[in-house]
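Here, each number is a calculation from the coordinates, and none is a lab measurement. Keep in mind that what you see is a predicted model, and the values were worked out from it rather than measured. Because the Cβ atoms are built from the backbone with ideal geometry, glycine has one as well, and the counts that use them run over all protein chains shown.
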Amino acid sequence: MVRWIAFALFVLALLAFDLIVLNRKHEAPSLKKAALQTLLWITIGLTVGVGLFVFLEYGVEGVQQYLAGYSIEYSLSVDNVFVWSLILGFFAVPKEYRHAVLFWGIIGTLVLRFVFIFAGVALIERFALVTVGLGILLFISAIKLVAGSDEEPDVSKMRSYRLVAKILPVAKGQHSQKFFVRVNGKILATQLFVCMVVITLVDMLFAVDSVPAVLGVSHDPFIVFTSNAMAIMGLRSLFFLFDEVKDKFTRLNEGLAIILAGVGVKMIIASDAGLGLFHLPGIDPPTWISLAFITVVLAGSVAASRWFPEKEKKKGAAS
């Protein structure tokens, strides 16, 4: 319990640091500032992994699991960041307000991820076949990622957008940075608030891929959540950076698909589940193999993007 409280306070301190120090002014960061902030958040994320080793006595295996989980979540967030760009554009959110929308959206995401991760760990511990099911789900996700449509997804047709539009009474037009306004005595949500909720809900759809993938390298809820949280904390700066350079990484989707498929294989062969006469062997490769695999694939997809670029980048859809 102490470690959870300590980590929660650490996250709150980071959020305050982001608001008070890094982004005091309501303006879109330059490419240089976004790159520096992205590097800073990655450094903080890696430092947390070292902290697990030094202070919490998780040992080398725990640190490797954290780093593998962090790498998976951060790399799979690239598609998430792309969809954020579409949603913010659809709602015509001015660049100077985008950080605020992402800031509050990420807070909602952290809360929902906490619930999602604990539910996933509980199911895995109770039902061994859940691991096999999640492994198959990752295979399907990998196929969908590679075979994604070349067309940009239509935000107005997303289920998450239609759901929010039905539930919330929304004020017309833009209302600065306000999430709620009073019109004719009624409190109405603004377009900015709807945008923030849609971003949070869309992230949960992406979590269907990323959380099982992280559960493939660790079943410790603290490691899974901290690796997810630290990766998510750095997504705002990654958004502003990636928005400028996304056309340079045309082969990244193939790399992410290989990672999903590889983790899916690991989950299936590591499951000690029985199904009638069929029994899975329960072979669990060392975590360092997963970490090395993720690193090599990511580096390879970045290199392939430079050496064998596509004419047009494929764009995945979210709904």
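Using 0.36 nm per residue, how much length does the chain from S85 to F114 gain when fully extended, once their Cα-Cα distance is taken away?
My answer for the length gained is 8.0 nm.
Mind checking the range 1-51 for trypsin sites (Lys or Arg not before Pro) that DSSP puts in a loop (not H, G, I, E or B) and that have at most 12 other Cβ atoms within 10 Å?
Within the range 1-51, the qualifying trypsin sites (Lys or Arg not before Pro) (loop, at most 12 other Cβ atoms within 10 Å) are R24, K25.
Once amide H atoms are placed 1.01 Å from N in the peptide plane, what residues at a sequence separation of 5 or more from F180, or on another chain, have their amide H within under 5 Å of its amide H?
Counting only residues 5 or more places away or on other chains, the set is T190.
Please work out the FRET efficiency for the pair A16 and V50, using the Cβ-Cβ distance as r and a Förster radius of 22 Å; give the result to the nearest 0.05.
Here the calculated transfer efficiency is 0.50.
Quickly work out the T43-to-A122 label distance, labels modelled 7 Å from Cα along the C-beta direction, and quote it in nm with one decimal.
That separation, rounded to one decimal, is 4.0 nm.
Give the Kirkwood hydrodynamic radius (Å, one decimal) of the range 58-127, defined as one over the mean of 1/r across all pairs of different Cα atoms.
Computed over Cα pairs of the range 58-127, the Kirkwood hydrodynamic radius comes out at 14.7 Å.
Using the 10 angstrom Cβ neighbour count as an exposure proxy, how do D203, D18 rank, fewest first?
D18, D203
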